Amino acid sequence: MARPSPAAAKTERLLNLVIALLHTRQPLSRARLREAVPDYAGSSDEAFERMFERDKDELRALGVPLRTEPIDPFFDDEPGYRIDQREYALPEIDFAPDEVAVLGLAARSWSQASLAGPAAQALRKLEAAGLVKDETSVAGIEPLLHTREPAFEPVRDAVLSRTPLRFDYRGGSGDLTERHVQPWGLTSWHGRWYLTAHDLDRDAPRVFRLDRIAGTPTKDGRKGGYDAPTGHDAAAMIRSSVGEEDGETTTVRLLVREGTAASLRRRGQVVAGGPDANPDAGSAPGPVAEGWDLLDLPVGSLPALAKEVCGAGPDVVVVAPEELRSLVSQRLETVAHAHGPGAGPAPDGAGRAHDAPGTARGGQTGGVR
């Protein structure tokens, strides 16, 4: 018969210890617990003491209300141990139908195998308890969270267990470097997964895109060897790393070709041109050529938006402010310079003077003038 793995043996020992501590009203001495738990009974005195101390700490870390009390109220020289059933038992959980529907929606959102099983199991337990879903409250909503990155599972496990990691990372320049980090958080932001961590080589907080991690990260230290900063906000750290710090916003005006730049349209408001135009928004923008919309967009970081505008090529033209147009121009000139004199002019509509299909002749149009 095959022996259980060390992890399975430890789980069984902890379970036996919890059962012994739950089924007694009187505190149990170490000697009694050693007799009740098979792994303890078959070990030496020194091994028992080490195992028992570790197991006590682990149960408390898991939230088990392990109490230390005197066995005899008149003689407190020997401590005893027990678990108060009233503190250990969960109160009855009662969800409204629409709340159960939202939980069901969350369970369906994970489409990848590593989390689909536990989510489905949790949903079955709710249904077995007789909780009825109100499907109409979330009709037509079906979110999907994809995690194709091979680094996702080891990074997730490291974040949960506070385990240092080592991996090869491809930075913005394309160079591959080995990184040693203490993972803090794993967050999905703008359709990508990001790891926030403390970079041990640079001794500073850093943000890593999971799709830039080459291969599978490996453990680089023991579990629980560090703590994440109190109040760590992974989303705020990611926004800061890409230049989208929280603070004052600036409203920019863009000329956007119809049917393009969906992410900009979601965050902005059409003020002229197109079926959703609002003639009362802002100052009168003047006529807009057919096939284009004038968009007002509040942003927290002009450099971050400049990168997005450059990525849209000729489908987005900066109307205002001048600072954003200058940033776009600088980026496109840098790209043109990097590719040499034979690379040709910058994309029309973004980085050079042209007759843009924008507002009336008197207004500022185009990316740069």
Report summary line: Any residue on another chain or 5+ positions along whose placed amide H is under 5 Å from the amide H of Thr163 is listed here as Gly224
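Given a Förster distance of 41 angstrom, what is the FRET efficiency for Glu290 paired with Asp233, based on the Cβ-Cβ distance and rounded to 0.05? Don't skip to the end; give the middle numbers.
Working: r = 45 Å, r/R0 = 1.09.
Efficiency at R0 = 41 Å is approximately 0.35.
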Query - Surrounding net charge for Gly221, when Lys and Arg each add one and Asp and Glu each subtract one, Cβ distance under 10 Å - result: +4
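Using a 1.4 Å probe over the heavy atoms of the protein chains, calculate the carbon and sulfur portion of the accessible area of region 151-242 as a whole percent.
Reported share for carbon and sulfur atoms: 43 percent.
Between rounded, prolate and oblate, where does region 171-222 land on the alpha carbon gyration tensor, with a ≥ b ≥ c its root eigenvalues, rounded for a/c under 1.5, else prolate if a/b exceeds b/c? Before the final figure, lay out the partial values.
Details: a/c = 1.45, a/b = 1.19, b/c = 1.22.
The shape class here is rounded.
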Query raised in the report: Per-residue HN-Hα couplings for region 36-48, Karplus 6.51 cos²θ - 1.76 cosθ + 1.60 at θ = phi - 60°, whole Hz, x for Gly and Pro?
Result: 7, 9, x, 4, 6, 5, x, 10, 6, 4, 5, 5, 4
**Report entry** Square roots of 5 times each gyration tensor eigenvalue, C-alpha, region 151-242, largest first, Å
**Finding:** 17, 16, 12
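On a 1.4 Å probe surface of the protein chains, which of Arg179, Arg267 comes out largest in accessible area, and what is the full order?
Values: Arg179 25, Arg267 95 Å².
From most accessible down to least: Arg267, Arg179.
What does the extension gain come out to for Ser161 and Asp72, with contour length at 0.36 nm per residue minus their alpha carbon separation? Provide the component values of the computation, followed by the final result.
Numbers: separation 89, 0.36 × 89 = 32.04 nm, distance 3.88 nm.
Value of the extension gain: 28.2 nm.
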Requested in this report: List the residues whose amide H sits under 5 Å from the amide H of Ala272, counting only those 5 or more places along or on another chain, with H placed 1.01 Å from N in the peptide plane.
Outcome: Asn278, Leu294
Query raised in the report: Label Ser5 and Glu258 with points 7 Å out from Cα along Cα→Cβ: what is the distance between them in nm?
Result: 5.9 nm
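The values are calculated or read from the model by the stated rules, or taken from the named source; none is laboratory data. Keep in mind that what you see is a predicted model, and the values were worked out from it rather than measured. Ideal geometry is used to build each Cβ from the backbone, glycine not excepted, and the neighbour counts take in all protein chains shown. Just the protein is used for accessible areas: all its heavy atoms, side chains included, with ligands, DNA and RNA removed. Shrake-Rupley method; radii C 1.70, N 1.55, O 1.52, S 1.80 Å.
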